[in-house]
Amino acid sequence: MSYLSFIGHYKKLRDKVIKSNNINMESISIFEIIKIGIGPSSSHTMGPWRAAVFFLNYLNKYDKLNEVSEIKTSLYGSLAKTGLGHGTDIAVMLGLSNEDFTTIDTNKIAEKIENIKQSGLISISESHTIPFNYDKHIIFEFNKSLDYHPNGIRFNAILKDGTSISREYFSVGGGFVITQDSDQIAKNPIKTKYPCHTEQDILNNCKKLNLKISELVMLNETAWQNEAETRKQALYIWSEIKNCIFRGVNKSGILPGGLKVRRRAYDLNKKLLHGQKFNNVDDWINAIKQGSKNFTTVSKWISVFALAVTEENASFGRIITAPTNGASGVIPAVLMYAYCFTSNFEDEEIVKFIITAGEIGTLYKKGATISAAMGGCQAEIGVSSSMAAGGLTESLGGRKEQVFQAAEIAMEHHLGMTCDPIGGLVQIPCIERNCMGAIKAITASNIALESDSSAARLSLDDVIKVMWETAIDMNAKYKETSEGGLAKIPVNISEC
């Protein structure tokens, strides 16, 4: 299938999903949008990792797992073209080893991969180990794509009797994985009591129930868990954000991958704190709060927060996927900014921020895309900036119309952004783009909070629709293929 044929096919499918809205569309929990992840990519690392685990579960479901003699994995489209830079091969090996990316000791990943390669064996269950040859069993199909989505992966298990079982999966952004026959429009969808698939849905329900956006989201989250659990999960996300940033500012050196990009959060943090060192995250945050709050200093701290997370992400570190890994620094940077530099920003405001930002992310997931391979970087940095802008506005007391205006402004100024990582690595330009996305989110929130939202000429629904149309029109070489834009600039990569 040609690229144009593929995109036409996918557009028809996506439009069908969007039009289904309140009839068949599945509701998405905000904790599917903002969740624990591992770097460097949600679509190219977490997705293939989950797909490998899904395939093992599929084999086990039909009592075939212990009958497997070998498994071949073929990577297609964007997964092949930028897979090495994103660690897709590593993710597949770890997934086929039944490792869990939410709990694995990230410091031991390199050791585990080396053991697999050196031993020529991979344990697909506690009781069953099969031969594994990297060059034979992971195949990069650089010039082929599967019909359904640019991020395609096929597993082929050869059984002891010589028969085979194949299964195709598609990593559609944010760590979400689907099969072609599995419910883009769910057969038995989870439906919240007050479905919110568009801005207008949310505004109507808020008016009907006399609720703020965060209150409506909290009510709808009871479809998955009670209110106390939702608050607990949101504050757990906040704890992980703080710890991730703190890890990032305490690591120096060169990022892996061969571009020789130097970590910058460490040096900038050290400079801003005049060389002070801290043993725990709370003391470090208190030092920031007690320091200068002039514009230049605050803007530098926002960059430190975003740099710290994205540098951890680029190093196979544990981060918060929000809504993707490539954009994982935006929401943490904006949330940490609010916590350090705005008044009376405590647990209640943190929860409002996270659940509102997450709900805005679901609108993009359902109404457009959060996959850079489908929509370019507007689908990652743009969406995360929009989420952060809306979350910040809600937590600072903005009216519901101002929340959506902030989210709209942030995306409006990311429309058309290409995804063109050099060497397929989430380093250049991805790391700095997170800093810029955070600044834009804060600016968008400030504008909205000081505006009469009734005078706004564009809605978030309008902009999500335009973003999707822009994604459809964008040339494939600007969609995470390393075939255009900055990725075409000759840069020496010394290792992979």
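The values are calculated or read from the model by the stated rules, or taken from the named source; none is laboratory data. The model shown is predicted, which means the values in this text are computed figures rather than measured ones. For neighbour counting, all protein chains shown are included, and Cβ atoms are generated from backbone atoms with ideal geometry for every residue, glycine included.
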### Query
List pairs: first in the range 355-381 and assigned by TED's automatic domain parsing to the domain that holds residue 217 and at positive phi, second in a helix (DSSP H, G or I) and surrounded by fewer than 24 Cβ atoms within 10 Å (Cβ to Cβ), Cβ under 6 Å, 6+ apart or cross-chain?
376/478
### Message
Could you check the range 225-249 and list, in sequence order, the residues that are touching a residue at least 24 places away in the same chain (Cβ under 8 Å), hydrophobic (A, V, I, L, M, F, W, C) and more than 21 Å from residue 387 (Cα to Cα)?
### Response
246, 249
### Task
List every residue pair whose Cβ atoms sit under 9 Å apart, with the two residues 6 or more apart in sequence or on different chains, where the first one lies in the range 422-440 and is in contact (Cβ under 8 Å) with a residue 60 or more places away in the chain and the second, anywhere, is part of a helix (DSSP H, G or I) and of a type in the set (Asp, Glu).
427/311; 431/311
#### Entry: Given (1) within 22 Å of the chain's Cα centre (by Cα); (2) crowded, with 17+ Cβ neighbours inside 10 Å, index of the condition residue 272 fails
(1)
### Query
Is it the case that residue 454 is modelled with pLDDT under 95, outside the structural domain of residue 79 (by TED's automatic domain parsing) and assigned to a helix (DSSP H, G or I)?
yes
### Query
Looking only at the range 73-117, which residues are farther than 20 Å from residue 35 by Cα, acidic (Asp, Glu) and surrounded by 17 or more Cβ atoms within 10 Å (Cβ to Cβ)?
89
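Yes or no, residue by residue, for (1) under 29 Å from residue 271 (Cβ atoms); (2) in contact with a strand residue (DSSP E or B) (Cβ under 8 Å, 6 or more places away or on another chain); (3) not β-branched (Val, Ile, Thr):
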{"position": "300", "(1), (2), (3)": "yes, no, yes"}
{"position": "305", "(1), (2), (3)": "yes, no, yes"}
{"position": "329", "(1), (2), (3)": "yes, no, yes"}
{"position": "337", "(1), (2), (3)": "yes, no, yes"}
{"position": "340", "(1), (2), (3)": "yes, no, yes"}
{"position": "343", "(1), (2), (3)": "yes, no, yes"}
{"position": "361", "(1), (2), (3)": "no, no, yes"}
{"position": "371", "(1), (2), (3)": "no, yes, yes"}
{"position": "376", "(1), (2), (3)": "no, yes, yes"}
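Mind checking which helices (runs of 4 or more DSSP H) fall wholly inside the range 79-127 and carry at least 2 residues that are farther than 19 Å from residue 47 by Cβ and more than 22 Å from the chain's Cα centre (by Cα)?
It comes to 109-119.
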